[in-house]
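Asks: Structure provided below as structure tokens; questions to follow.
The values are calculated or read from the model by the stated rules, or taken from the named source; none is laboratory data. The structure displayed is predicted, hence computed values, not measured ones. Here Cβ is always computed from backbone atoms with ideal geometry, including for glycine, and neighbour counts include all displayed protein chains. When the accessible area is computed, the model is the full protein with side chains, heavy atoms only, and any ligands, DNA or RNA have been set aside. Shrake-Rupley method; radii C 1.70, N 1.55, O 1.52, S 1.80 Å.
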Amino acid sequence: MKTIGLLTSGGDAPGMNACIRAIVRTCVFNGVRVMGIRSGYDGLIKGDIYEMNVSSVADIIQRGGTILGSARSEEFRTPRGKKKAIGILSDFGIDSVIVMGGDGSFRGAKELSEAGIKTIGIPCTIDNDMGYTDYTIGFFTAVETVVDAISKIRDTSSSHGRGNVVEVMGRHCGDIALYAGLAGGAETIVVPEIDVNIEEITDKVISGKKRGKLHHIIILAEGVGNSYELAKAIEEKTDVTTKVTVLGHIQRGGNPSAFDRLLACQMGSKAVKLIMDERSGLALGMKSNHIFEMDLIEAVQVKHKFNTDLYEIARELSI
Ligand code: ATP
């Protein structure tokens with residue numbers, strides 16, 4: 001009898017629980033034994049593992065976070081840690097592992113695959129920074145959260161004729177800022193992929209003010225600049241009072257969107273089927289609404305491509 005272990009690793013993402021549920025239920029449906037590994041690779045090394053069944057995943061499809069817990073493990077990166085992990089898998093009779101996480105987690109999965117464990121990676125991260133797939137699980141939920149926040153900020157911004165800098169996650173990848181900025185009708189979107197100078201931002205605020213615009217929303221991906229300094233510069237150059245809202249970890253939580261749940265159900269199911277077909281060392285992705293698999297390491301090497309078409313549309317619509 002096959003035994004699949006599953007773990008969630010790296011930053012948590014809404015939809016991980018829906019994916020855990022899909023994996024466990026597909027296993028049970030097909031007579032495969034399934035074991036939950038708590039706290040990512042850290043829990044694997046410690047043997048924090050339990051058998052799961054249909055009931056272990058009841059009532060979690062709608063919950064954010066991960067019932068398995070997540071962690072980062074430096075020890076797992078060492079040869080000693082890896083050896084320990086492989087020993088634990090053997091002790092528990094686990095021959096296959098499904099890893100839900102970002103590119104770091106996938107590199108860890110590849111190590112297991114090279115040691116003879118059947119391994120499949122499922123992309124779960126709110127940043128959408130994995131270039132081989134159109135979307136990662138958790139991304140659209142984070143976008144919804146930011147759009148909701150922008151709408152609320154616009155209400156108060158309009159009432160007072162203020163500017164607002166909204167800082168969102170995405171240190172190396174501006175997708176959350178781009179998608180949420182476009183959907184939220186932001187005036188300016190500042191992302192790591194595109195250079196924007198302060199004059200472009202302030203000119204827009206000034207021209208908006210001239211034609212009676214009451215709100216000025218600037219979405220800033222974290223790490224591109226300091227949001228408080230940006231707000232101060234806007235105030236000084238435009239005379240528009242500008243507030244800052246740093247959304248922070250609120251973007252990680254909340255009920256997964258229908259899209260993320262659908263992605264999670266499809267990928268969880270496919271991961272189990274691939275293992276049943278004796279496949280290994282693969283990452284699952286979605287391209288043009290189709291779920292596909294490719295080599296784990298080739299997948300993490302694909303550089304994320306910024307969607308300049310969407311960025312251009314956002315520029316045109318925010319005149
Ligand atoms: P996120 O995108 O949310 O940051 P991630 O999966 O990229 O998620 P990381 O912290 O990079 O998050 O990786 C998670 C864990 O994967 C690490 O703590 C480590 O245990 C393991 N890992 C990362 N890189 C490697 C590697 N090169 N070899 C072995 N294991 C690794």
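Asks: From the list D134, D129, pick out the single residue that is within 11 Å of the ligand (Cβ to nearest atom) and within 22 Å of the chain's Cα centre (by Cα).
Replies: When all the criteria are applied, what remains is D129.
Asks: Please state which of the following conditions G102 fails to meet, knowing it meets all the rest: (1) crowded, with 24+ Cβ neighbours inside 10 Å; (2) within 16 Å of the ligand (Cβ to nearest atom); (3) under 22 Å from D295 (Cα atoms).
Replies: (1)
Asks: If you don't mind, another one. Going by what's in this entry, would I94 be described as buried (at least 20 other Cβ atoms within 10 Å of the Cβ), under 20 Å from the mean Cα position of the chain (by Cα) and more than 11 Å from the ligand (Cβ to nearest atom)?
Replies: It is false that I94 is buried (at least 20 other Cβ atoms within 10 Å of the Cβ), under 20 Å from the mean Cα position of the chain (by Cα) and more than 11 Å from the ligand (Cβ to nearest atom).
Asks: Given the criterion in a strand (DSSP E or B) and either open to solvent by less than 50 Å² (accessible area, probe 1.4 Å) or of a type in the set (K, R) (or both), identify the matching residue among F292, F306.
Replies: F292
Asks: I've got another one for you. Can you tell me which residue among I206, I198, I218 is open to solvent by less than 70 Å² (accessible area, probe 1.4 Å), under 20 Å from T156 (Cβ atoms) and of a type outside the set (F, W, Y)?
Replies: I218
Asks: Name the residues in the stretch 18-58 that are without any contact (Cβ under 8 Å) to a residue 40 or more places away in the chain, out of contact with any strand residue (DSSP E or B) (no Cβ under 6 Å at 6 or more places or on another chain), within 16 Å of the ligand (Cβ to nearest atom) and open to solvent by less than 50 Å² (accessible area, probe 1.4 Å), would you?
Replies: Hits for the stretch 18-58 are S39, D42.
Asks: So which residues in the stretch 248-272 are over 13 Å from the mean Cα position of the chain (by Cα), buried (at least 20 other Cβ atoms within 10 Å of the Cβ) and among the aliphatic types (A, V, I, L, M), if there are any at all?
Replies: Listed by number, the residues that qualify are M267, A271, V272.
Asks: Hydrophobic (A, V, I, L, M, F, W, C) and either over 30 Å from A186 (Cβ atoms) or in a loop (DSSP other than H, G, I, E, B) (or both): does that describe V272?
Replies: Criteria met by V272.
Asks: Separate question: Criterion first (under 24 Å from T78 (Cβ atoms) and at pLDDT 95 or above) does F139 satisfy it? Show your work before the answer.
Replies: Numbers: under 24 Å from T78 (Cβ atoms): no; at pLDDT 95 or above: yes.
No, not satisfied.
Asks: Also, quick follow-up: Based on what the data block shows, is I88 outside any helix (DSSP H, G or I) and either buried (at least 18 other Cβ atoms within 10 Å of the Cβ) or more than 7 Å from the ligand (Cβ to nearest atom) (or both)?
Replies: No, not satisfied.
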